[in-house]
Each structure stands twice: as C-alpha cells, then as structure tokens.
1. Output the residue which, of all residues in the stretch 52-91 that are at pLDDT below 90 and among the small types (Gly, Ala, Ser), is farthest from ARG131 (Cα to Cα).
2. Give me the pairs, please: first residue somewhere in the stretch 60-76 and farther than 12 Å from ALA18 by Cα, second residue anywhere and part of a helix (DSSP H, G or I), beta-carbon distance under 6 Å, and either six or more positions apart or on two chains.
3. Suppose we filter VAL146, VAL198 for residues that are at pLDDT below 90, under 13 Å from LEU250 (Cα atoms) and either of a type in the set (Asp, Glu) or out of contact with any His (no Cβ under 7 Å at 6 or more places or on another chain) (or both); which single one remains?
4. Kindly provide the set of residues from the stretch 205-243 that are under 17 Å from LEU253 (Cα atoms) and among the hydroxyl-bearing types (Ser, Thr, Tyr), ordered by number.
5. When you look at ILE276, is it within 29 Å of ALA18 (Cα to Cα) and modelled with pLDDT under 95, yes or no?
6. Give the residues of the stretch 226-254 that are among the hydroxyl-bearing types (Ser, Thr, Tyr) and either within 18 Å of the chain's Cα centre (by Cα) or modelled with pLDDT of 95 or more (or both), sorted by residue number.
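The values are calculated or read from the model by the stated rules, or taken from the named source; none is laboratory data. Just so it is clear, the structure is predicted and the values come from calculations on it, not from any experiment. All Cβ positions, glycine included, derive from the backbone under ideal geometry; neighbour counts span all protein chains shown.
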Amino acid sequence: MKGTTILAATDLSDASGAAARWAQALGAALGRPVVAAHVVEVGLRSWMTSAYAVLDDPDKMEAARRTVDTWFREQTGAGPDDVAIKVDDCYTAIRDMVADHGASLVTLARSGKGAVLRTLLGSRVQQLVSRPVCPIAVVHPDARPVTKGARVGVAVDFSPTSEAALRVASALASALEGSLHLVHVLYIPELPALPDLVVPASTQSMVDECMESLKQLARVHLGSPQRASLEVVVGSPVGALEGYAEANDLDLLVVGHKGDRSALGDFLGSVARGLITGAPCTVLVTPEEPPADAD
C-alpha cells in the first residue's frame with residue numbers, strides 16, 4: 001500500500017469507536033502513525049450551529065482538535081499521532097485528508113444493523129466505497145484487534161482490480177506474519193428455461209479450471225501456490241464470500257472495486273457494497289491501481 005499513515009475517520013459516535021480501536025491496533029502492529037479524522041459536513045445543520053466557525057477561529061479549531069483527541073483516547077486507550085479536521089462534504093474532505101497525510105488506508109465504521117439505519121447512516125460509507133481514493137476498511141462492530149497472525153482473505157475474479165487487491169492482501173498478511181486465503185466465487189446463474197445447461201460433471205470441470213487459474217495467479221504474485229490457502233466456492237458472490245469468511249474465521253476480507261465516477265455510481269449495487277453491510281468480518285475495499293504512466 002502506498003503511503004505510511006492510517007486515517008481513522010470518525011463522527012465521534014459510539015459506533016465509530018470500533019473503527020478507531022481497529023485502526024489503532026493495526027497502526028501498532030504495522031508501526032504506522034494513526035490520524036484521527038473528523039469531517040464537519042457542509043449542510044444546513046452545520047450552518048445553524050456555527051460549525052463552520054472553526055475555519056476562522058484558531059481557538060475553536062484547537063478546541064475541536066482537543067475534543068477529537070479526547071474521544072479517541074477514551075475509545076482506544078491511546079492518543080492519535082495527529083488530528084485532522086475539515087469542513088466540506090464527506091467524500092471531498094476524506095480525499096483531501098488522504099492526500100494531506102499520505103494515508104495508505106482509511107478506516108470507517110460499518111453502518112447500522114437495521115435496514116433503516118443502513119439507509120440513513122450508511123450513505124457516506126457507501127459513497128466512499130463506491131469511489132475509493134485508497135484502500136478503505138469498513139470495520140465490523142465486533143472486530144477483533146488486529147494482531148500478529150491475522151487471517152487475511154482476498155476475493156479473486158482474475159481481473160486487474162482483484163490482482164491489485166491481492167497485492168494489498170499479500171502485503172498485509174506478510175507484515176502481520178499472518179495467513180493469506182485466496183477465494184474465487186464461481187457464479188452459475190439459474191436458467192429456468194434451460195435446467196440441464198449446467199450438470200454436476202460440468203460444474204466440477206469449471207471448478208477445476210478456476211482452481212488452476214488460482215494456482216497460476218499465486219505463482220505470479222506469491223511465487224508459489226503453497227504460500228496461500230486457495231479455494232473455489234460455488235454460489236452468488238456476496239453470499240458465498242460471506243460464508244467463506246465465516247467458515248475460515250477471517251479477520252479481514254480484501255475485495256477490489258474499480259469505482260464508478262458517475263453520479264449513479266453511488267447507488268448502483270456491487271459485491272463490495274454488498275459485503276460491507278453483511279460480511280462477518282472487517283472488509284477492506286481497494287481501488288484499481290492507476291497505470292504506471294498515469295499522472
């Protein structure tokens with residue numbers, strides 16, 4: 001992962017405490033500084049409460065920084081290496097703070113448990129995951145602290161995006177002296193009009209072909225298939241990955257997401273956005289790496 005800092009985004013709620021603790025533990029395990037980041041979002045409520053005044057008043061800005069620092073200490077038992085506060089919309093503020101602090105990863109709290117809470121509280125998380133500016137960890141509310149020996153999984157569909165995710169997962173597993181698990185989901189859609197199109201024998205042949213592709217990918221990126229656990233599962237992508245994460249007791253599941261820069265991109269479904277609300281572990285969403293000659 002590029003960058004050296006972990007950006008722990010927080011709205012100072014109890015729900016974001018799990019994300020702060022996860023970020024602090026990962027920073028300690030990797031020897032990386034952690035920045036507590038708080039966004040004062042542009043909107044009528046912020047304007048009515050004079051929240052924007054922190055921009056013009058050094059004393060108010062310092063008081064806001066102390067509030068975030070105190071909250072972080074209460075939640076994690078340790079102080080952040082720095083505190084960042086920006087007034088803007090959430091996506092723009094996080095993007096700018098990633099650049100300002102050389103962040104390699106952003107941590108966010110998962111949205112609420114109920115459908116209504118996911119809609120109301122999860123929109124910012126969904127927006128950031130739709131267009132990730134760097135790897136984004138959506139932390140499970142019951143996430144274990146990240147320690148040496150962590151179990152790191154990565155979803156592979158053989159695309160450039162998932163290969164970028166594999167590189168991030170491999171680097172994390174190595175740094176944490178943990179285990180790496182590669183999983184490919186073979187999705188066979190149901191075709192009621194053609195019920196005999198896929199039979200058990202042909203399904204097994206497809207599984208075998210996918211496993212050979214997984215082994216080849218491991219040779220290219222890891223040096224040997226023996227350096228990771230490899231598995232092909234059959235099912236719908238989100239459900240199969242959730243089941244795999246639970247069955248293998250993963251601490252972290254890494255998935256690639258190319259990102260959609262259109263306005264509709266924030267609302268369209270994807271595997272990554274499905275997993276961040278239902279996976280039994282923390283999900284790390286990684287963007288596709290830009291071409292080597294990109295600006």
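1. The residue in question is ALA63.
2. LYS60/ALA53; LYS60/VAL54; MET61/VAL54; ALA64/VAL54
3. Result of the check over VAL146, VAL198: VAL146.
4. Of everything in the stretch 205-243, those that are under 17 Å from LEU253 (Cα atoms) and among the hydroxyl-bearing types (Ser, Thr, Tyr) turn out to be SER229, SER236.
5. Answer is yes for this residue.
6. SER229, TYR244
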